[in-house]
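Encoded as structure tokens, the structure appears first; notes follow it.
The values are calculated or read from the model by the stated rules, or taken from the named source; none is laboratory data. Not measured: the values here are computed from a predicted model. All Cβ positions, glycine included, derive from the backbone under ideal geometry; neighbour counts span all protein chains shown.
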Amino acid sequence: MKSILTIILIFLIIQIIGLYIGNTYIEIIDQAIEAGKIEKRPGIVPGVSPEKAENSFILFGFIILTTIGILLVIRFRKSFLRGVEAFVIFTSSWLTFSFLIPFSMQIVWESFIAYLLSPLGSIGFILFNILTLNSLFAIALTAWKVFRPTIVSQNVAAIISGSGAGALLGVLLGITPCIIFMMILSVYDFVSVFITKHMVKMAKAITERPMAFTIAAPHKFKKAKYIPHKGAKKKVHVFQLGLGDIVIPLMFSVSILNKFTIFHSIITVIGSLIGLLLLTLYITRKPRALPALPFVCTGALSGYLISIFIL
């Protein structure tokens with residue numbers, strides 16, 4: 001039961017942080033439009049409206065290419081996974097820290113380092129971008145996760161990275177494209193787990209060691225998993241959930257903020273939470289590989305529809 005509560009808590013933390021970032025980002029965009037700095041809300045593809053359904057297919061194409069890339073890395077250079085993980089953590093957490101660190105603190109710090117580095121010219125400009133607060137925090141988080149891989153560092157990195165990535169996607173996508181994208185991904189998740197089974201293969205490689213592509217919680221399964229540990233293999237009992245299974249419903253709840261209120265998003269989050277709860281209860285009792293997106297996306301969509309009727 002403790003493992004389920006841990007997964008649920010991490011899920012909620014990512015949703016809360018993501019909604020905060022998404023709401024803040026939307027406010028900044030709205031202010032920029034009112035001030036005449038930009039004409040309209042940006043989308044996934046430059047020049048394509050966020051409300052266009054083609055965004056869903058373009059984003060899905062990106063997911064397919066990324067999956068192929070990761071499978072190739074697993075097949076030929078599995079050690080490169082740590083580099084991919086580091087890149088994902090840094091870029092996503094950089095965005096998250098940009099919103100979590102108070103703007104006033106960032107401005108004071110950037111003014112200070114700009115003053116110190118201004119005599120260095122172009123080198124100073126490069127150092128300035130490295131030494132901004134969000135960059136420093138992102139570098140520290142990435143280094144901690146890569147060089148101290150534990151369940152704690154895995155989950156913290158996943159929380160920071162996932163909340164920023166999900167919020168950004170939600171801001172750049174309209175509600176209809178999000179729904180289409182979730183439906184496509186849910187079908188793809190089902191096919192990749194039960195038919196092609198390449199998602200199972202990818203999950204096994206990723207979960208060989210604590211990586212921020214998933215969140216984890218100790219759980220006493222009947223059969224333990226053996227993972228590399230200091231030259232040998234260590235027997236562990238752990239429940240893991242893919243980060244994408246949390247980021248996708250967050251993306252949808254943030255996209256709702258573009259047209260509706262935070263309360264609509266909260267009810268949507270509750271719906272996805274119920275879907276996740278049903279999934280975790282089933283898996284912890286009957287351990288097996290299951291596609292999570294059909295559960296959480298159905299719950300999110302149900303929550304959204306309920307919010308439309310009651311609010």
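Out of curiosity, is E85 at pLDDT below 95, of a type outside the set (A, V, I, L, M, F, W, C), surrounded by 12 or more Cβ atoms within 10 Å (Cβ to Cβ) and over 17 Å from the mean Cα position of the chain (by Cα)?
Numbers: at pLDDT below 95: yes; of a type outside the set (A, V, I, L, M, F, W, C): yes; surrounded by 12 or more Cβ atoms within 10 Å (Cβ to Cβ): yes; over 17 Å from the mean Cα position of the chain (by Cα): no.
Judged against the criteria, E85 is not a match.
Can you go through A158, A138, A143 and tell me which one is touching a strand residue (DSSP E or B) at 6+ places or on another chain (Cβ under 8 Å), farther than 14 Å from S253 by Cα and not polar (S, T, N, Q)? Break it down into steps so the answer makes sense when it comes.
Numbers: A138 fails: touching a strand residue (DSSP E or B) at 6+ places or on another chain (Cβ under 8 Å); A143 fails: touching a strand residue (DSSP E or B) at 6+ places or on another chain (Cβ under 8 Å).
Answer to the check: A158.
Name the pairs whose Cβ atoms lie under 7 Å apart, with the first residue in segment 199-211 and under 18 Å from V88 (Cβ atoms), the second of a type in the set (S, T, N, Q) and outside any helix (DSSP H, G or I), and 6 or more positions between them or separate chains?
Qualifying pairs under 7 Å: I206/T214; T207/T214; T207/Q240; P210/T150.
Within segment 59-67, is there a residue that is aliphatic (A, V, I, L, M) and over 18 Å from the mean Cα position of the chain (by Cα)? Full working, then the answer.
Kept after step one, since they are aliphatic (A, V, I, L, M), are these residues of segment 59-67: 59, 63-65.
Now restrict to residues that are over 18 Å from the mean Cα position of the chain (by Cα): none.
Among the residues of segment 59-67, not one is aliphatic (A, V, I, L, M) and over 18 Å from the mean Cα position of the chain (by Cα), which makes the answer no.
Could you grab me the full set of residues in segment 271-294 that are part of a helix (DSSP H, G or I) and either acidic (D, E) or free of Cβ contacts under 8 Å to residues at least 24 places away in the same chain (or both)?
Within segment 271-294, L278, L279, Y282, R285 meet the criteria.
Go through segment 134-148 and give me each residue that's within 14 Å of P210 (Cβ to Cβ) and either surrounded by fewer than 17 Cβ atoms within 10 Å (Cβ to Cβ) or without any contact (Cβ under 8 Å) to a residue 12 or more places away in the chain (or both).
Hits for segment 134-148 are W144, F147, R148.
Looking at I101, is it buried (at least 18 other Cβ atoms within 10 Å of the Cβ) and within 29 Å of L141 (Cα to Cα)?
No.
Somewhere in segment 169-187, is a residue loosely packed, with under 15 Cβ neighbours inside 10 Å and in a helix (DSSP H, G or I)?
Let us first name the residues in segment 169-187 that are loosely packed, with under 15 Cβ neighbours inside 10 Å, namely 187.
Then keep just the ones that are in a helix (DSSP H, G or I); that gives 187.
Looking for residues that are loosely packed, with under 15 Cβ neighbours inside 10 Å and in a helix (DSSP H, G or I), one finds at least one in segment 169-187, hence yes.
Quick check on T268: is it closer than 23 Å to I63 by Cβ, outside any helix (DSSP H, G or I) and either of a type outside the set (A, V, I, L, M, F, W, C) or at pLDDT 85 or above (or both)? It would help to see each step written out before you state the result.
Details: closer than 23 Å to I63 by Cβ: yes; outside any helix (DSSP H, G or I): no; either of a type outside the set (A, V, I, L, M, F, W, C) or at pLDDT 85 or above (or both): yes.
When the stated conditions are applied, T268 does not pass them.
Residues checked against (1) within 29 Å of M183 (Cα to Cα); (2) surrounded by 14 or more Cβ atoms within 10 Å (Cβ to Cβ):
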| residue | (1), (2) |
| --- | --- |
| G47 | yes, no |
| E51 | yes, yes |
| T66 | yes, no |
| F76 | no, no |
| T96 | yes, yes |
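Does L116 meet the test of being surrounded by fewer than 22 Cβ atoms within 10 Å (Cβ to Cβ) and within 24 Å of V84 (Cα to Cα)?
Values: surrounded by fewer than 22 Cβ atoms within 10 Å (Cβ to Cβ): yes; within 24 Å of V84 (Cα to Cα): no.
So L116 fails the test.
Mind listing whichever residues of segment 149-168 are aliphatic (A, V, I, L, M) and surrounded by fewer than 17 Cβ atoms within 10 Å (Cβ to Cβ)?
I151, V152
May I ask you to verify whether G299 is more than 19 Å from I17 (Cα to Cα), within 21 Å of the chain's Cα centre (by Cα) and crowded, with 22+ Cβ neighbours inside 10 Å? Full working, then the answer.
Numbers: more than 19 Å from I17 (Cα to Cα): yes; within 21 Å of the chain's Cα centre (by Cα): yes; crowded, with 22+ Cβ neighbours inside 10 Å: yes.
Spelling it out, G299 is indeed more than 19 Å from I17 (Cα to Cα), within 21 Å of the chain's Cα centre (by Cα) and crowded, with 22+ Cβ neighbours inside 10 Å.
Can you pull out the residues in segment 254-296 that are surrounded by 19 or more Cβ atoms within 10 Å (Cβ to Cβ) and of a type in the set (S, T, N, Q)?
Within segment 254-296, S255, N258, S265, T268, S272, T280 meet the criteria.
Which of the residues belonging to segment 146-176 are under 8 Å from the mean Cα position of the chain (by Cα) and of a type in the set (S, T, N, Q)?
S161, S163
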